[in-house]
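The values are calculated or read from the model by the stated rules, or taken from the named source; none is laboratory data. None of these values were measured; they are calculated from a predicted model. FYI the Cβ positions are ideal-geometry reconstructions off the backbone, even for glycines, and counts take in every protein chain you see.
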Amino acid sequence: MGSSSLNRRDVMKRAAAAGLLTVPAVGALSSCASGGSEENKAEKGKKSKDNPLGVKTDAGLAVYIFNGGYGDQYAQFVTDMYAEKYPKAKPTQKATERIATQLQPKIIRGNPTADVINNSGADKMNLGKLVKNGQVADLTELLDAPSWDDPNVKVRDTLVAGMEEMGAFGTKGCYQLNIATTVYGNWYSKRLLEDELEMEYPKTWDEMLAVCRKAKSRGIHGWSYPGGHARYLLFSMYAMFAQVGGREVVEAMDYLEPRAWKHDAVKSVLEAFEELVAKKYVLSGFDGQDAHTEMQTAWTKGKCVFIPDGSWVENEAKDTTPKGFRMAVGATPSLDKSDKMPFGTLYAPPGEPFVVPAKAVNAQGGMEWLRMMYSKKAAQNFFKEVSSIPALKGAIDGMDLPPGVDSAQQALTAAGDNVVIPFFKEWYEELFASDFNGAMAKFMVGDLSVQGVMDTMQKASDRVAKDPDITKVKKG
């Protein structure tokens, strides 16, 4: 592949065409991936109107799904669709929590056992490295293919904004596609907040403190978080960073700028959360591998008001959520009148990423599986199975929505163009999963100061910026 010419202007044009001018830009890679889907050792079938990707109809298909909050039944629906269309293929599906451990070594050796992979969870593969080494397929062919429901509309034109930018990693191609729109923020029970505490969702941080103060007087914590996965706190902070200091604060983080984590906005947000800890408004103690589900169970039992989480929580916590809980998500409260972005600013990126190994035995079949996933019937089944918003535009319009999804849809509508997508979380997963997780864990128990968090995160960002073995996305 030649050097990339995709720059900030190109991305803005693409985002504008998708209807979201607020997505931060993707620049060019410092080095370009070698190899790619052209090295695929699988035989291809003949392309036709009914088979636009040229799937070899009798080639087996191996699907691997992350066994997390969404489970894998939504995926089995698509695998069954594939089996119905290509009965000789006899597709198989496996679920695992250890995506990188089980699959990445084989991808690196050039003999992957999976044709399409749900690259999610704490043990997800480092996509930047896979892209740099040409080990995941360019999905542009899929994006250019006719959509499942309307052959006159390309797949790319049916998807929510930000998808290609997130999966581009600074190149002209696209190496990851998502199936959900994940709404992050402060999740809460309307019954607890509105009926029991008789308070409204806080639009300012002073109002947030007032809610926590009243909750404490009733023996309830204002907040909780999973100590074992303390990075969840950033789900509530990313939009707040941009809201306080402007979108450029998060863009500086995306491009590993030398003082990105030293911005006054970062300090202000961390100080706000530090006050929650100092006033003992935070329920802690969830420190194991299952910390997130333990925290969610405490929340659904009414032991705290707010948790930092994503829209998968409605499905993940369904077994412990009582009737009448009225699950909802709230956007970032404003710190003060000097905030650069309004209340309602939301962190809502495409979620649940999928990749196809470049040397998959049936890469065409892997892409075809994703084309089926982007059908209306598969997207609506996804919604019914997991109570999450599909990445297919308009898929659930007019449907009856459970409380959490309905709230997330309302938050997206209210946010309008004020949606923040911190791409560095996808581009440099090692930062989020390791360095930032440790820093937030220490911060929330008082072992690391606000300045210490900022220093730790900046040091980690600088380390990645200087590492020649990590693919960089440059600002165009």
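Here are the numbers:
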| quantity | calculated |
| --- | --- |
| Hits in the stretch 318-332 (condition: under 21 Å from the mean Cα position of the chain (by Cα) and under 22 Å from residue 202 (Cβ atoms)) | 327, 328, 329, 330, 331, 332 |
| One residue from 252, 239, 215, 230 being buried (at least 22 other Cβ atoms within 10 Å of the Cβ), closer than 17 Å to residue 423 by Cα, among the aliphatic types (A, V, I, L, M) and touching a residue at least 60 places away in the same chain (Cβ under 8 Å) | 239 |
| Complete set of residues in the stretch 318-332 that are surrounded by fewer than 24 Cβ atoms within 10 Å (Cβ to Cβ), touching a strand residue (DSSP E or B) at 6+ places or on another chain (Cβ under 8 Å) and of a type outside the set (Ser, Thr, Tyr) | 325, 326, 328, 330 |
| Candidate set: the stretch 299-316, residues that are surrounded by 18 or more Cβ atoms within 10 Å (Cβ to Cβ) and modelled with pLDDT of 95 or more; chosen: the one farthest from residue 407 (Cα to Cα) | 304 |
| Odd one out for residue 413, checked against (1) β-branched (Val, Ile, Thr); (2) free of Cβ contacts under 8 Å to residues at least 40 places away in the same chain; (3) closer than 26 Å to residue 133 by Cα | (3) |
| Counted residues, the stretch 344-369 - those being charged (D, E, K, R) and within 30 Å of residue 239 (Cβ to Cβ) | 1 |
| Elements of type helices (runs of 4 or more DSSP H) contained in the stretch 257-317, each with 1 or more residues being in contact with a Leu (Cβ under 8 Å, 6 or more places away or on another chain) and of a type in the set (Phe, Trp, Tyr) | 264-278 |
| Verdict on residue 244 being surrounded by 24 or more Cβ atoms within 10 Å (Cβ to Cβ), closer than 19 Å to residue 342 by Cβ and in contact (Cβ under 8 Å) with a residue 12 or more places away in the chain | yes |
| Residues of the stretch 422-476 that turn out to be small (Gly, Ala, Ser), in the same structural domain as residue 281 (by TED's automatic domain parsing), modelled with pLDDT under 90 and surrounded by 17 or more Cβ atoms within 10 Å (Cβ to Cβ), as a count | 1 |
| Number of the exception - residue 368 against (1) of a type in the set (Asp, Glu); (2) at pLDDT below 95; (3) assigned by TED's automatic domain parsing to the domain that holds residue 174 | (2) |
| Long-range neighbours under 6 Å by Cβ, at least six apart or interchain, first residue on the phi < 0 side of the Ramachandran plot within the stretch 68-81, second surrounded by fewer than 18 Cβ atoms within 10 Å (Cβ to Cβ) | 68/121; 72/95; 73/385; 74/385 |
| Scan of the stretch 182-200 for residues that are in contact with a Ser or Thr (Cβ under 8 Å, 6 or more places away or on another chain) and either within 16 Å of residue 388 (Cβ to Cβ) or modelled with pLDDT under 95 (or both), ordered by number | 182, 183, 184, 185 |
| Hey, residue 340 out of contact with any Gly (no Cβ under 7 Å at 6 or more places or on another chain) and of a type in the set (D, E, K, R) or not | no |
| Residue 56 vs. criteria outside any strand (DSSP E or B), at pLDDT 95 or above, of a type in the set (Lys, Arg) and touching a Ser or Thr at 6+ places or on another chain (Cβ under 9 Å) | no |
| Positions within the stretch 191-207 being buried (at least 17 other Cβ atoms within 10 Å of the Cβ) and assigned to a helix (DSSP H, G or I), in sequence order | 191, 192, 193, 205 |
| Residue that is among the hydroxyl-bearing types (Ser, Thr, Tyr) and touching a strand residue (DSSP E or B) at 6+ places or on another chain (Cβ under 6 Å), where the choices are 255, 238 | 238 |
| Near pairs, Cβ below 6 angstrom, 6+ apart or cross-chain, from the stretch 385-397 (touching a residue at least 40 places away in the same chain (Cβ under 8 Å) and not assigned by TED's automatic domain parsing to the domain that holds residue 309) to any residue that is among the hydroxyl-bearing types (Ser, Thr, Tyr) and in a loop (DSSP other than H, G, I, E, B) | 386/70; 388/311; 392/374 |
| Members of the stretch 320-352 found to be in a loop (DSSP other than H, G, I, E, B) and among the charged types (D, E, K, R), listed by number | 323, 326, 336, 337, 339, 340 |
| Residue match in the stretch 267-285 (condition: at pLDDT below 95 and assigned by TED's automatic domain parsing to the domain that holds residue 438) | yes |
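Here's the yes/no breakdown for (1) surrounded by fewer than 24 Cβ atoms within 10 Å (Cβ to Cβ); (2) under 23 Å from residue 299 (Cα atoms); (3) at pLDDT below 90; (4) of a type outside the set (Gly, Ala, Ser):
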position: 358; (1), (2), (3), (4): no, no, no, no
position: 375; (1), (2), (3), (4): yes, no, no, no
position: 390; (1), (2), (3), (4): no, no, no, yes
position: 395; (1), (2), (3), (4): yes, no, no, no
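Condition check ((1) in a helix (DSSP H, G or I); (2) surrounded by fewer than 16 Cβ atoms within 10 Å (Cβ to Cβ); (3) among the polar types (S, T, N, Q)) across all residues:
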residue: 88; (1), (2), (3): yes, yes, no
residue: 95; (1), (2), (3): no, no, no
residue: 101; (1), (2), (3): yes, yes, yes
residue: 105; (1), (2), (3): yes, yes, no
residue: 108; (1), (2), (3): yes, yes, no
residue: 112; (1), (2), (3): no, no, no
residue: 117; (1), (2), (3): no, no, no
residue: 123; (1), (2), (3): no, no, no
residue: 129; (1), (2), (3): yes, no, no
